[in-house]
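Undergrad: Take this structure, written in structure tokens, and hold onto it; I'll ask about it next.
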Amino acid sequence: MPTETVYGLAADAGNTEAVLGIYEAKGRPRFNPLIVHCADRAMAGTVGEFTPLSERLAAEFWPGPLTLVLPLVANAPLAALVTAGLSTVGVRVPAHPLAQALIRKVGRPLAAPSANPSGRLTATTAEAVREAFGGRIPVLDGGRTESGIESTIVAAGTHALVMLRPGAITRAEIEAAAGVALVDPTANAKISSPGQLRSHYAPNTPLRLNARSVREGEALLAFGPRPLASDGPALNLSVTGNLREAARNLFSHLGELDKTGATAIAVMPVPFSGLGEAINDRLKRAAAT
Ligand code: TXA
Ligand code: MG
């Protein structure tokens, strides 16, 4: 199903067989929990325990690209595999009309990781999903997704918020709404995002970050009005240097350049401000081997 961030591989979160199908299709390690997608705050309350702080974030950003990691409700209607045995659950209420319609039609929460084989590039078009899974999985075609980068994941305790994954909503936006600073997961080892592996989001072609020039045989992923000189294939994340546009283009441009047969993809620097935090996070993991 399309969401406003990226495509998701959806299954009835209460059906163990269906959820198992997700792990098998993706080749996903079983220790990596899935995000539970709900139609609204009321449905989210059947799986996660809210505090005033998480309530405030939900009111501000749902429906939308924020995933809250909350204490799991006792006897939540979820297959144990969904949370990989953790005592917490990642929940979000997607804004995309097709995702909303699908959840409401099923009438229950849907577990959905990004619709790509584990560790590979995230799909932001129906075409990319079909390519990734060889047409084995039916796709609800919602065109190209709006933000192009995954949801921001925040673990919400009573007094503190931990940023588990930078994403489509910026750190500054969350801090402004919450009235508290987001802390890093390293500062609180008890809470972590098991799926935030060092190597992730990877194309087959190696990435070379912070490129100052393009070498023979390389493709170029440019950013901004002054792209590096190159003779090979080149795409620009945003000619005007707009980070929202760059996030939207990130995975699809990497996917296109991956098909060119280049020896490597040289990536120009992208600023770390605003959405740049999430873009740089994905680039760093895509470059890791
Ligand atoms: O935008 C998105 O979030 C997309 C769309 C489809 O909703 N979904 C997505 O799912 O990015 P996935 O599986 O690619 O990434 C989910 C991340 C993983 O890193 C996983 O470890 C983490 O969320 N996660 C899920 N439940 C968690 C929990 N209870 N505690 C900590 N991390 C959790
Ligand atoms: Mg993913």
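The values are calculated or read from the model by the stated rules, or taken from the named source; none is laboratory data. Just so you know, these numbers come straight off a predicted model, no measurement behind them. Cβ placement follows ideal geometry from the backbone for every residue including glycine, while neighbour counts extend to all protein chains displayed.
Undergrad: Kindly list the number of the only condition in (1) over 23 Å from residue 107 (Cβ atoms); (2) within 9 Å of ligand 1 (Cβ to nearest atom); (3) surrounded by 22 or more Cβ atoms within 10 Å (Cβ to Cβ) that fails for residue 28.
TA: The number of the failed condition is (3).
Undergrad: Between a residue in the range 198-225 that is within 16 Å of ligand 1 (Cβ to nearest atom) and any residue that is of a type in the set (Phe, Trp, Tyr) and modelled with pLDDT of 95 or more, which pairs come within a Cβ distance under 9 Å, given they are 6 or more apart or on different chains?
TA: Going by the 9 Å Cβ cut-off, the qualifying pairs are 201/251.
Undergrad: Return the total of residues in the range 60-76 being out of contact with any helix residue (DSSP H, G or I) (no Cβ under 8 Å at 6 or more places or on another chain), free of Cβ contacts under 8 Å to residues at least 40 places away in the same chain and not β-branched (Val, Ile, Thr).
TA: Residues meeting the conditions: 4.
Undergrad: Only one of (1) closer than 22 Å to residue 277 by Cα; (2) within 16 Å of ligand 2 (Cβ to nearest atom); (3) surrounded by fewer than 23 Cβ atoms within 10 Å (Cβ to Cβ); (4) modelled with pLDDT of 95 or more is not met by residue 146, so which one is it?
TA: That leaves (2) as the condition not met.
Undergrad: Moving on to the next point. If residue 151 satisfies all but one of (1) away from ligand 2 (no atom under 13 Å from the Cβ); (2) assigned by TED's automatic domain parsing to the domain that holds residue 65, what's the number of the condition it fails?
TA: Going through (1) away from ligand 2 (no atom under 13 Å from the Cβ); (2) assigned by TED's automatic domain parsing to the domain that holds residue 65 one by one, residue 151 breaks only (1).
Undergrad: Which ones in the range 34-89 are surrounded by fewer than 18 Cβ atoms within 10 Å (Cβ to Cβ) and within 16 Å of ligand 2 (Cβ to nearest atom)?
TA: Matches in the range 34-89: 84 only.
Undergrad: Just checking: which of the helices (runs of 4 or more DSSP H) contained wholly in the range 77-194 hold 2 or more residues that are more than 21 Å from residue 3 (Cα to Cα)?
TA: 171-178
For (1) assigned by TED's automatic domain parsing to the domain that holds residue 28; (2) buried (at least 23 other Cβ atoms within 10 Å of the Cβ); (3) touching a Lys or Arg at 6+ places or on another chain (Cβ under 7 Å), each residue gets a yes or a no:
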| site | (1), (2), (3) |
| --- | --- |
| 94 | yes, yes, no |
| 101 | yes, no, no |
| 123 | yes, yes, no |
| 130 | yes, no, no |
| 139 | yes, no, yes |
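For (1) without any contact (Cβ under 8 Å) to a residue 60 or more places away in the chain; (2) hydroxyl-bearing (Ser, Thr, Tyr), each residue gets a yes or a no:
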position: 115; (1), (2): no, no
position: 120; (1), (2): no, no
position: 132; (1), (2): yes, no
position: 138; (1), (2): yes, no
position: 145; (1), (2): no, yes
position: 152; (1), (2): no, yes
position: 156; (1), (2): no, no
position: 160; (1), (2): yes, no
position: 166; (1), (2): no, no
